[in-house]
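**Student:** What follows is a structure written as structure tokens; I'll ask about it next.
Every read-out reported here was derived from the displayed coordinates using simple, explicitly stated rules and does not represent laboratory data. Note that the structure is predicted; figures quoted are calculated from it, not measured. Note that each Cβ is placed from the backbone with ideal geometry, even for glycine, and that neighbours are counted across all protein chains shown.
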């Protein structure tokens, strides 16, 4: 007998304020994964979720990885399909802190503007999104005493730090992660009214370069014009990474990159997403990457290189006539199709080293890399989820690729043989990774309802 | 009747410990001029010197400028030559603080190694150097009740911040600064045993560039490859500033730059200062500037461009997939001969602006600039000072140009018609502008004796 859905949806509506209270409690824990000073808080965030899921009736545990622990929760349902839901409890750093209107770990509802918003670090990425699934499970369990499908929930704590330790943990725990399909809630809507299923993701390779020239900071009056300057060396490397047409110049970089098929290009063109429409909301007008391509094409089907941070020399107020001893930059690549992050690491390091003067030195740190992934278009769970989303939102769900990386999706395919449905309710203006991150109250509420519907739909798929 | 010199030198030897105590008291005041948080401390440092000079018998006052105040002290001597001594009480910022072995404003004598050193921010640049002159005056006054020449002392508080406010103050106080020659103690020795008179100085032009692209920080997964990245824009600007031969590419940059005469080049070659000898002590081997020129030539007779600082995006531990909204760099130029800083400002700003995408913006801040200056080789005071230095050090004083800038020297010539003798006792390894700045105890002691001799010699010049 199929569980009834309407009581579940009604319960979600009725219990919204309590759902928010639960989310707020989780958001108050500053679980920043990239800064070791916050390691204890990451552990607290894991424990909070363990407590929550245990109370709902999941068999839950907090398990160690080489970095922050994962939360694993099971609720099997013999004879029914089984889903593996993934999300992360860790959040991005909050700097620059002075640009936050209110403290990042004091969540609040912002009622200014034309919609209510949950404002906090992690509100959208990813605690708010994770709780849409958890609250959908809660409502099913409250109304029907059971879930429509078997569910395993895996919530990690190092997604913003390259999912360090997670692939090894997944590989060692394959038997406990068996499922028919994986679900991830860490992506966005097409727009405020239109749901979206993300069917492909770019991969990521992330490096840090530290160039050292003289063995101490120098006075630029005494040495300027004669001594090597690491900021010059670094700037040359960065400038050399792109040619005048915006293409990445690393040898072999575009190996394994396929041109999108003409029909897909046509579909993208028909969306009417001009550079002005795409970039206007962030104060820009012209695409900065490869010339002659649409913004959506650049983001969904083309690789990219961005310097995510740079520092060297005197950066305080006023002037200092110094030649720094050291300068460093963080450089990342978005990968598509068959680009190989390991091959890229070798090419990139060689590219950097050949641009460093013989009497200077460079350290190239390689953080975790991941390949791009894509979903088979004919999987039955995709159709089921699309129907469920259409029922909730009154619009067809758009199926598109995304520019960001969720490394675990490639690992699920490789290690568990699982395809992943990427369904999320974030909006482009959520300011994830920026000050004043927010999640629309509508995203949270209708996102929870969406998962309730999807769980029911997957039972029949 | 000429004052006796030997008792003065003996008094300097005898009172060395007390001289050091006085210097230490001044060094304890953190008079960082480029950071407005230290403005009060700058004022304290001025007051301390006012007290000291008043006690010695100078008519002393602290006078306002548009930034930090100057200290002005007079002791006229009718019928005798009159000198104007200049120095600065302000010091460089201390970052990176964690590289200091002991706190920068807790001066101490370091007896490790083969010489005793005064270690503190400002020990060499410029409080230690200023006090060599003040202590020489003290000894003359103590032993003879008078100075050999009339003396005006002008100590400013914004030298490390482009001498902001000083030229205007000098111009408004011309009558009070009348003298026959200016003396500056803010330069170095040729080497540990050989005194030096600096006969030319490079000029300085200092800028800050702030590039803004999107109106907020972006997620590099969503926008990477489509949105402009200010670090890329900035790196391109910096990389474009030099060509492959190390020459500055700004249009007209080398206008007004003269090639050194062959006899000077020959003299430089005879010094045997190879790239290895010049750069070895700072851990480098090959000159980084214009190809095919000696290091001493690059530093004394050629202009240069250095980026003194750069910052943008995420610079903390680990990774953050962000495209920054803004990135900034501090860029300075060393000028020679007839290069015009005002013309350079126009060229530089145009060069920067044409490299910023149309939908991004840039702010170019111009800090104070100064032209290069050079001394007439036949001035009688130069010969007198050379003889006095030779008597103290047992070696002829080398007369050379220097790479650094002391903007006031150009202003003294322009506003007061004064030529300046640049005599200092710093060493190349004093780490001025770096952590663990030091001043050799020998520099302080024999420097004081040198000024005592020079004051006597100038009375006869």
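**Student:** In degrees from 0 to 90, rounded to the nearest 10, what is the angle of the helix B:127-144 Cα long axis to the longest principal axis of chain B?
**Tutor:** Helix B:127-144 sits at roughly 10 degrees to that axis.
**Student:** Compute the distribution of all C-alpha to C-alpha distances in region B:193-288, in bins of 10 Å from 0, and list the percent of pairs in each, rounded to whole numbers.
**Tutor:** Whole-percent P(r) values from 0 Å outward: 10, 24, 30, 18, 11, 7, 0.
**Student:** Could you work out the relative contact order of region A:203-326? I mean the mean sequence separation of Cα pairs under 8 Å and 6+ apart, divided by the number of residues, in percent.
**Tutor:** 42 percent.
**Student:** Moving on to the next point. Antiparallel versus total DSSP beta bridges in the protein assembly as shown: what percent is that, nearest 5?
**Tutor:** Of the beta bridges lying entirely in the protein assembly as shown, close to 70 percent run antiparallel.
**Student:** Of the beta bridges DSSP finds with both residues in region A:31-151, what % are antiparallel, to the nearest 5?
**Tutor:** Of the beta bridges lying entirely in region A:31-151, close to 75 percent run antiparallel.
**Student:** Still on this structure, please answer the following. Could you check how many percent of all C-alpha pairs in region B:133-193 are farther apart than 16 Å?
**Tutor:** More than 16 Å apart: 62 percent of the Cα pairs in region B:133-193.
**Student:** Could you work out the mean projected area of the convex hull around the alpha carbons of region B:340-432, in square nanometres to one decimal?
**Tutor:** 9.1
**Student:** OK, next. How high is the relative contact order of region B:384-461, in percent, with contacts defined as C-alpha pairs under 8 Å that are six or more residues apart?
**Tutor:** Taking the mean separation of contacting Cα pairs over the length of region B:384-461, I get 41 percent.
**Student:** Points 7 angstrom from Cα along the Cβ direction at residue B:63 and residue B:414: gap in nanometres?
**Tutor:** Taking the two extended label points, one gets 1.9 nm.
**Student:** Can you give the FRET efficiency for residue B:97 and residue B:361, using 1/(1 + (r/R0)^6), R0 = 30 Å, r = Cβ-Cβ distance, to the nearest 0.05?
**Tutor:** My answer for the efficiency is 0.35.
**Student:** Ranked from highest to lowest mean number of other Cβ atoms within 10 Å per residue, what is the order of the peptides A:224-237, B:28-41?
**Tutor:** A:224-237, B:28-41
**Student:** Also, quick follow-up: Using a label point 7 Å beyond Cα on the Cα-Cβ vector, give me the inter-copy distances for residue B:17 in nanometres, one decimal, shortest first.
**Tutor:** From this label point to the equivalent ones elsewhere in the assembly: 7.9 nm.
**Student:** Write down, largest first, the equivalent ellipsoid semi-axes of the protein assembly as shown in whole Å, where each equals the square root of 5 times an eigenvalue of the alpha-carbon gyration tensor.
**Tutor:** Taking √(5λ) for each Cα gyration eigenvalue gives 67, 28, 23 Å.
**Student:** Cα axis of helix A:230-240 to longest principal axis of chain A: angle in degrees, 0 to 90, nearest 10?
**Tutor:** Compared with the principal axis, the helix lies near 60 degrees.
**Student:** Over chain A, what relative contact order in percent results from Cα pairs under 8 Å that are six or more residues apart?
**Tutor:** Computed value for chain A: 25 percent relative contact order.
**Student:** Where the label is 7 Å out from Cα toward Cβ, how close does residue B:63 come to the same position in every other copy, in nm, shortest first?
**Tutor:** Here residue B:63 shows inter-copy label distances of 7.8 nm.
**Student:** I'd like the orientation of helix B:380-393 relative to chain B: the angle between its Cα long axis and the longest Cα principal axis, in ° from 0 to 90, rounded to 10.
**Tutor:** Long axis of B:380-393 versus the principal axis of chain B: about 80 degrees.
**Student:** Packing-wise, with mean Cβ within 10 Å as the measure, how do B:157-169, B:344-356, A:43-55 rank, highest first?
**Tutor:** Result, highest mean first: B:157-169, A:43-55, B:344-356.
**Student:** Looking only at other chains, what is the average number of their beta-carbon atoms within 10 angstrom of each beta-carbon in A:23-36?
**Tutor:** Taking all residues of A:23-36 together, the mean is 1.
**Student:** Ok, one more. If Rh is defined by the Kirkwood formula over all Cα pairs and Rg also comes from Cα, what ratio Rg/Rh do you get for chain A?
**Tutor:** Across chain A, the Cα-based Rg/Rh ratio is 0.99.
**Student:** I've got another one for you. Calculated from DSSP H runs of 4 or more alone, at -39500 (n - 2.57) each and per residue, what is the 222 nm mean residue ellipticity of the protein assembly as shown, nearest 500?
**Tutor:** -10000 deg cm²/dmol
**Student:** Please work out the FRET efficiency for the pair residue A:146 and residue A:442, using the Cβ-Cβ distance as r and a Förster radius of 30 Å; give the result to the nearest 0.05.
**Tutor:** With a Förster radius of 30 Å, E is 0.60.
**Student:** If you don't mind, there's one more thing I want to ask. How high is the FRET efficiency from residue B:391 to residue B:178, r the C-beta distance, R0 22 Å, rounded to 0.05?
**Tutor:** 0.15
**Student:** Return the percentage of antiparallel bridges among DSSP beta bridges fully within chain B, rounded to the nearest 5 %.
**Tutor:** Rounded to the nearest five, the antiparallel share is 70 percent.
**Student:** At residue A:387, with labels set 7 Å past Cα in the Cβ direction, how many nm apart are the copies from this one, shortest first?
**Tutor:** Shortest to longest, the spacings are 10.9 nm.
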